[in-house]
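Following: one structure in structure tokens, then a few remarks.
Every number here is computed from the coordinates shown, using simple stated rules; none is lab data. Nothing here was measured: the structure is a model prediction, and the numbers come from that model. A quick note on method: Cβ atoms are made from the backbone with ideal geometry, for glycine too, and the neighbour counts reach across all protein chains shown.
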Amino acid sequence: MTDLVDGVQVPTVEDEARFWALVESAWERLGDEPAALRRALLTRAPGGGGEGVYTIDEWLDRFLESLRQVAAGLPSQELTDLDRVAERKLHDLDRADVHEVTDGSDDGFLYCRGHIVALGREFYEAVRADPAVAVPDGECEGMCYFFAHLHKERFGGWPVTGSGISRESFTNPAGWSN
């Protein structure tokens, strides 16, 4: 499913709901410890480190494997739709104020934004509202092109999202207008 806005494809509400549901499902399969760590990241003071703030990173590979399992049987179009959502979420975080907190070079900043998306909708929305919530130098490279790679593995090619945007760093004009 896609919606067209000004001739480009944008994620539908249903696509976004499915995306976040898959992310949450992948985390839930990992149990209580990562759930508690994700809650702690949300409840810490913005800009605060806090003991164990990077402990969630120890769970990211397991999260990605869990996400692979929950998305394993999805058809080409659904993987394309999910990749379009990921692309949009990463693009929307491509902002100077987010970069100021997370830092990173071109690739490093992309991986920081992947970290934000990988931690789920609540964390993503919290960072969008207040970038100080982000984890400095937190990275999840595997999330950045997760659904695109899965699509390529299963169907032999990259999905064509038709979005007209890029998830790469420093490409969102609205995020860098100052």
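Ordered by the number of other Cβ atoms lying within 10 Å of each residue's own Cβ, fewest first, Ile56, Ile165 fall into the sequence Ile165, Ile56. Label sites at Asp137 and Val8, each approximated as a point 7 angstrom past Cα along Cα to Cβ, lie 3.4 nm apart. Computed from the C-alpha gyration tensor, the three semi-axes of the ellipsoid equivalent to the chain are 25, 21, 13 Å, from longest to shortest.
Dipole check for the chain: with +1 at the C-beta of Lys and Arg, -1 at the C-beta of Asp and Glu, and the Cα centre as origin, the magnitude is about 300 Debye. The distance separating the Cα centre of segment 141-178 from that of segment 18-42 comes to 23 Å. Helices that extend 15 Å or more along their long axis by alpha-carbon positions and average at least 1.0 on the Kyte-Doolittle scale are absent among the DSSP H runs of the chain. Per the Debye calculation on segment 85-137 with a single equal scatterer at every Cα and no solvent contribution, log₁₀ I(q)/I(0) for q = 0.22, 0.27 Å⁻¹ amounts to -0.68, -1.08.
Computed from the alpha carbon positions, the gyration tensor of segment 4-46 leads to an equivalent ellipsoid with semi-axes of 30, 15, 5 Å, biggest first. On full extension, the segment bounded by Tyr54 and Ala36 gains 5.2 nm, given 0.36 nm per residue less the C-alpha separation.
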